Each structure stands twice: as C-alpha cells, then as structure tokens.
Amino acid sequence: MTTARQLVVTADDFGVSLAVNEAVEQANSDGILTAASLMVAGDAAADAVERAWRLPELGVGLHLVLVEGRPILPPEQVPALVDADGQFHTNMVRTAFAIALSPAARRQMQAEVEAQFAAFAATGLPLDHVNAHKHFHLHPMIASAILKAGQKYGVRSIRAPIEPGRKGVESWWAKRLRSRLRRAGLTVPDQVFGLAWSGAFDTARMREAIEALPPGLTEIYTHPATEAYPGSAPGYRYRDELDALVDPVAKSLLLGKGVAHGSFSRFARAP
C-alpha cells in the first residue's frame, strides 16, 4: 500500500436509465465523479455510451450483470440463469448455487461474462475497470470467468468490496478476492467506501469520508440519479448521492488535502 492518498469516485449502474446517465454526466462535469460502471444491456446503455464519448475524463468500466437485469445473450442460450420472461433471476443465492453445482449453468455464466466483455469492447471505449452488480464477483467461479475474459479484453483494475470496520463473511470473502486478484496482476483498491451507506451516501457522509481518507488507493462508490426510475431500489436516496458528488465543499476538501484523484486508469499498475 502506498502512503500517498489516491481516490477514485465511481457511479455504478451507468446505462440502466436516463436518470442515472444524466446524473453521471453532471457529477463528472461539475463534481468529483471520475469513473462509471456500464451495464451493457441496460435500457439506456446506448445513451450512456454516447455521453461517455463526450466525457474524456470519465473512466468507464464494465458493470457485469448476472442478477436483476437482462442478459446480452439470447435467453434461450442461458436458461439456467433467467426466468420465464428472459430476465436474470432476482434471487442471488439461487443463481450462486446453480453456478456452483451445475456444469451447464457454469458454462452459461462463462458465456454471458464473455458476451458482456465483448459488448463493452464493441463500444470502442477504453476499459477502465470491471466490477459486478451486487458484487456477485465475490462468487469464486464468477471471479474466475472475469479473470479469464479479462486477460483477453485488457482488464487492469477491479473492485474488491472491503470497507474499513466491516466484518462478517462478505468481508472475509472480499479480502480473499483481493488477494487473488492482486496475484493475477490486477490493481485493486485498498479500501472501498459506500458499502455501509449504499443508497444513502449523502453530502455529510461524503465530506466525512474525504476528511478521513486513509493512505493508499481508495474507491468511493455511489448510486446517483436525478430521480427514481423504473426498477430502482426502494428507499435509495439517489438525488442525495448526486448532490454529494457535486458538493463544492467536497471538491475543495480534495484540493486542499492534495489527494491524487482520477479514474482507475490513472492508478493502474503497468500490465
């Protein structure tokens, strides 16, 4: 871990709706947002890509979706992963066990991961990072599929959801994942803020996080939107998270503390 303080501020779910895309553009143009994770099969993915080309300072990565979304592949090619409507199952535990226990489901997952990487590559955008919706890459077989596809598509950075002070099974798995990813040569943040306050990372919490920023590479991940949208999470304060990202005090704190601030590509180790 470096003793310098480095920061990436990320928005997940880029491409899921126009409300999210508008927030990402505003937060990057007028605020402290430096990265966004693209859902390549999202309802507004094409609009997100168009905006991304207008935002050269925004690092865009792949937000891999295997739950609560739509596959890139035709549903008949991934039947173990989707419901009768051709959407990914909403029950992560069900999908996790299917992947672990069924070779057919595992092959389908691997094919879908490859297809989502290929869809991102087709946008022509540089691949800044990769992570998974609901942090499903904590599943070791999904992590393996990402590592395999990542070698082909040039992945250099990935999130391991480790927040200081959090304990439990998820944190234990996340630390194992970080070690595995680093052994594979990938850049992984030393810590991630936003897990405890997901959907409620407001202005006060943003200022507090920046004030207490530890040494090393930190990722703050957020879910901004200009308003709630179809399929959005009940109770999420999307607008409050957008306000935190464009807060002038938060920006001045970063400048005053001399924090190195940018996309993952700025901090990624050489391949």
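We did not get these values from a lab; they are worked out from the coordinates using the rules stated. Bear in mind that the values here come from a model prediction, so they are computed numbers and not experimental data. FYI the Cβ positions are ideal-geometry reconstructions off the backbone, even for glycines, and counts take in every protein chain you see.
With Cβ to Cβ distances under 15 Å as the rule, what net charge do the other residues near D202 carry (K, R +1; D, E -1)?
-2
Between S252 and K134, what FRET efficiency comes out of the Förster formula 1/(1 + (r/R0)^6) with R0 = 45 Å and r the beta carbon distance, rounded to 0.05? Walk me through the numbers on the way to the answer.
Numbers: r = 34 Å, r/R0 = 0.75.
Between K134 and S252 the formula returns 0.85.
Among the listed pairs K134/K251; K148/K257; K152/K251, which have their C-alpha atoms separated by more than 32 angstrom in this model?
The pairs that break the limit, which is 32 Å between Cα atoms, are K148/K257; K152/K251.
To make sure I understand, if each residue's beta carbon is the centre and we count other beta carbons within 10 Å, what order do Y221, Y153 fall in, fewest to most?
By the 10 Å Cβ count, ascending, the order reads Y153, Y221.
What is the set of long-range amide H partners of V130 at a cut-off below 5 Å, with H atoms built 1.01 Å from backbone N?
Those lying under 5 Å, H to H, from V130 are L62, S157, I158, R159.
Step by step: find N for the range 188-271, compute 2.2 N^0.38 Å, then divide the Cα radius of gyration by it. What's the final number?
Working it through for the range 188-271, the quotient is 1.17.
All other residues with a Cβ under 10 Å from the Cβ of P140 taken together, and with Lys, Arg as +1 and Asp, Glu as -1, what is their net charge?
Within the 10 Å Cβ shell, the charges total +2.
Which order do D247, D12, D30 fall in if you start with the one that has the fewest other Cβ atoms within 10 Å?
Numbers: D247 19, D12 26, D30 12.
So the ranking, lowest neighbour count to highest, is D30, D247, D12.
Cα to Cα, under 20 Å, and not fewer than 8 places away if on the same chain: which aspartates and glutamates meet these conditions relative to K167?
D190, E219
Work out, in µm²/s and without decimals, the Stokes-Einstein translational diffusion coefficient of the range 1-156 at 25 °C, 0.890 mPa s, Rh from Kirkwood over C-alpha pairs.
For the chosen part, D equals 154 µm²/s.
D for the chain, whole µm²/s, Stokes-Einstein with Kirkwood Rh over alpha-carbon pairs at 25 °C and 0.890 mPa s: what number?
In µm²/s, the coefficient is 132.
What does the net charge come to around A118 if you take all other residues with beta carbon closer than 15 Å to its beta carbon, with K and R at +1 and D and E at -1?
Here the charged neighbours net out to 0.
If you rank Y229, Y238 by fewest surrounding Cβ atoms within 10 Å, what's the result?
Least to most surrounded, the residues fall as Y229, Y238.
Simple spin-label model, 7 Å along Cα-to-Cβ: R180 to A212 in nm?
3.0
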